[in-house]
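Student: My questions will all concern the structure given below.
The values are calculated or read from the model by the stated rules, or taken from the named source; none is laboratory data. If you're wondering where the values come from, they're calculated on a predicted model, not measured in any experiment. Reconstructed Cβ throughout: ideal geometry from the backbone, glycine too, with neighbour counts over all protein chains shown.
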Amino acid sequence: MKKGLSNFFENYLTKNPLFINKKALQGNFTPENIPHRDEQIKQLANILAPALRLEKPSNVFCYGKSGTGKTCVTDYVTSQVYDLSKKKKIDLKICYLNCKLKKIADTEYRLIAELARNFNVEVPATGLPTEEVYKIFVKAIDTKGKKLLILILDEIDQLVSKVGDGVLYNLTRINSGLKNCELSIIGISNDLLFTDNLDPRIKSSLSEEELVFPPYNAIQLQDILRERSKIAFRANVVEEGVIQKCAAYAAREHGDARRALELLRVAGELAERSGSEIIQIRHIDGAEEKIEKDTVLDVVRTQPKQSQVTLYSILKVCNNGKQIFTGDVYDFYKNICKDVGLKPLTQRRISDIIAELDMFGIINARVVSKGRYGRTKEISIGIPSSTMPKIEETLQEGLGL
């Protein structure tokens, strides 16, 4: 086996790769040219330009659906501001945090501790009052020689959902305690209604400026894919029609450029694995199926145990080939709870979990009336049958069945 693998890898190295720079198709890649975002780039540049005179820019809030270029544009503009500040020896620091990362932003303590670490100040993982961690952070940015700090909070809505909007109030109030430095915040959110639910005081201070990123249409996505494919692939390895189909898939998903790039990258990987010398339309179809399967499995793995038991019950009851309702699932669910040592929830709560699974698109749940017997949910599977065995296996592993 060892020799066989050695030959396999030797043969792999002799083949001409389809990719020359796969990073160009990854979400964290910032290209030199960002198509169809000139207006947003210009607006953000105008907002941040005063930083180069050590004047505090307005706080700015960027919002739009996933894959509309918010992070890419922010990184592009702030990188150019920072590069010029270094050239001109301007005391400016830019700090980026992804609030979706659990280890960074699942508590207010961890968030502020991570900010302090960006200034080479170590904070214990636990043990201090949050107020004390704020003091450490304020002291760090006020004594390290920097006159201005631009703080980028990506997926800021995730932060608020975990720890509440009090953290934003505290951050926007930090300037009142600073003597030598000023803090400006750039918030990035996929939730278009995020600011509507903020405390009015926080909204007025955080969203001094707002940038809207509309979804890309299919033609715009084609332009983006063509630009990136020139960087990512060798010449003439992308078959005619591949870019168009890839863009059409992503346009269906609310104009998500990140989704389009992922589709093209996975299609390229599938083509290479199959030994094809070009990326064909069939590889896009395969990539779509693979990504959908991987996405569903990721959702399933991260669900709480009660949701996993509920979904497992639905899959097993549906396997019997009959029309199922909430009551059918609940009877099976109670038995599985005994097997895995969980205390059963009420049928009303299970109905809520079924609604949550419906939102993920894993199942379809339709409320139907049963006359004098009340209302219930009619449930069907919302994922391809080819994916179900892998989901069952993942659930059995997670539940210890």
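Student: What is the residue count in region 234-264 for residues that are closer than 18 Å to LYS15 by Cβ and part of a helix (DSSP H, G or I)?
Tutor: The number of residues fulfilling the criteria is 0.
Student: Output the residue which, of all residues in region 44-70 that are over 24 Å from LEU92 (Cα atoms) and touching an Asp or Glu at 6+ places or on another chain (Cβ under 6 Å), is surrounded by the most Cβ atoms within 10 Å (Cβ to Cβ).
Tutor: Applying the filter and picking the extreme gives GLY67.
Student: Which pairs turn up if I take residues in region 376-398 that are within 12 Å of LYS316 (Cβ to Cβ) and look for partners that are among the polar types (S, T, N, Q) with beta carbon separation below 6 Å, at least 6 apart in sequence or on another chain?
Tutor: LEU395/GLN308
Rundown of residues vs (1) of a type in the set (Asp, Glu); (2) in contact with a helix residue (DSSP H, G or I) (Cβ under 7 Å, 6 or more places away or on another chain); (3) within 30 Å of ALA235 (Cβ to Cβ); (4) in a helix (DSSP H, G or I), yes/no style:
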{"residue": "GLU272", "(1), (2), (3), (4)": "yes, no, yes, yes"}
{"residue": "VAL300", "(1), (2), (3), (4)": "no, yes, no, yes"}
{"residue": "TYR312", "(1), (2), (3), (4)": "no, yes, no, yes"}
{"residue": "ASN335", "(1), (2), (3), (4)": "no, no, no, yes"}
{"residue": "ALA365", "(1), (2), (3), (4)": "no, yes, no, no"}
{"residue": "ILE383", "(1), (2), (3), (4)": "no, yes, no, no"}
{"residue": "SER386", "(1), (2), (3), (4)": "no, no, no, no"}
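Student: Can you say whether GLU155 is surrounded by 18 or more Cβ atoms within 10 Å (Cβ to Cβ), charged (D, E, K, R) and without any contact (Cβ under 8 Å) to a residue 60 or more places away in the chain, as far as the supplied structure shows?
Tutor: yes
Student: Quick one: count up the residues across region 61-113 that are within 24 Å of LYS203 (Cβ to Cβ) and charged (D, E, K, R).
Tutor: Of the residues in region 61-113, 5 are within 24 Å of LYS203 (Cβ to Cβ) and charged (D, E, K, R).
Student: If you don't mind, there's one more thing I want to ask. Within region 178-201, can one find any residue that is in contact (Cβ under 8 Å) with a residue 12 or more places away in the chain and closer than 30 Å to PHE19 by Cβ?
Tutor: Yes, some residue in region 178-201 is in contact (Cβ under 8 Å) with a residue 12 or more places away in the chain and closer than 30 Å to PHE19 by Cβ.
Student: While we're looking at this one, here's another question. Can ILE174 be described as touching a Leu at 6+ places or on another chain (Cβ under 6 Å), surrounded by 14 or more Cβ atoms within 10 Å (Cβ to Cβ), farther than 23 Å from LYS86 by Cα and touching a residue at least 40 places away in the same chain (Cβ under 8 Å)?
Tutor: For ILE174, the condition - touching a Leu at 6+ places or on another chain (Cβ under 6 Å), surrounded by 14 or more Cβ atoms within 10 Å (Cβ to Cβ), farther than 23 Å from LYS86 by Cα and touching a residue at least 40 places away in the same chain (Cβ under 8 Å) - is met.
Student: Could we say that THR126 is assigned by TED's automatic domain parsing to the domain that holds VAL163, surrounded by fewer than 21 Cβ atoms within 10 Å (Cβ to Cβ) and touching a residue at least 24 places away in the same chain (Cβ under 8 Å) here?
Tutor: No; evaluated as a whole, the condition is false for this residue.
Residues checked against (1) loosely packed, with under 11 Cβ neighbours inside 10 Å; (2) within 28 Å of the chain's Cα centre (by Cα); (3) acidic (Asp, Glu):
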site: LEU297; (1), (2), (3): no, yes, no
site: GLN303; (1), (2), (3): no, yes, no
site: ASP328; (1), (2), (3): no, no, yes
site: TYR333; (1), (2), (3): no, no, no
site: ARG348; (1), (2), (3): yes, no, no
site: ALA355; (1), (2), (3): no, yes, no
site: MET359; (1), (2), (3): yes, yes, no
site: ASN364; (1), (2), (3): no, yes, no
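Student: Being closer than 30 Å to GLN244 by Cα and among the basic types (Lys, Arg) is the requirement here; does LYS305 meet it?
Tutor: So LYS305 does not fit the description; no.
Student: Within region 29-43, identify whether any single residue is surrounded by fewer than 20 Cβ atoms within 10 Å (Cβ to Cβ), among the aliphatic types (A, V, I, L, M) and in contact (Cβ under 8 Å) with a residue 24 or more places away in the chain, and answer yes or no.
Tutor: yes
Student: Here are ASN16, ASN11: which of them is over 21 Å from the mean Cα position of the chain (by Cα), in a loop (DSSP other than H, G, I, E, B) and of a type in the set (S, T, N, Q)?
Tutor: Only one candidate qualifies: ASN16.
Student: Follow-up. Mind checking which pairs have a first residue in region 203-224 that is free of Cβ contacts under 8 Å to residues at least 40 places away in the same chain and a second that is in a loop (DSSP other than H, G, I, E, B), Cβ under 8 Å, 6 or more apart or different chains?
Tutor: Hits for this filter: ASN217/GLY255; LEU221/GLY255.
Student: Just wondering, is there one or more residues in region 104-116 that are crowded, with 22+ Cβ neighbours inside 10 Å and not in a helix (DSSP H, G or I)?
Tutor: No, region 104-116 contains no residue that is crowded, with 22+ Cβ neighbours inside 10 Å and not in a helix (DSSP H, G or I).
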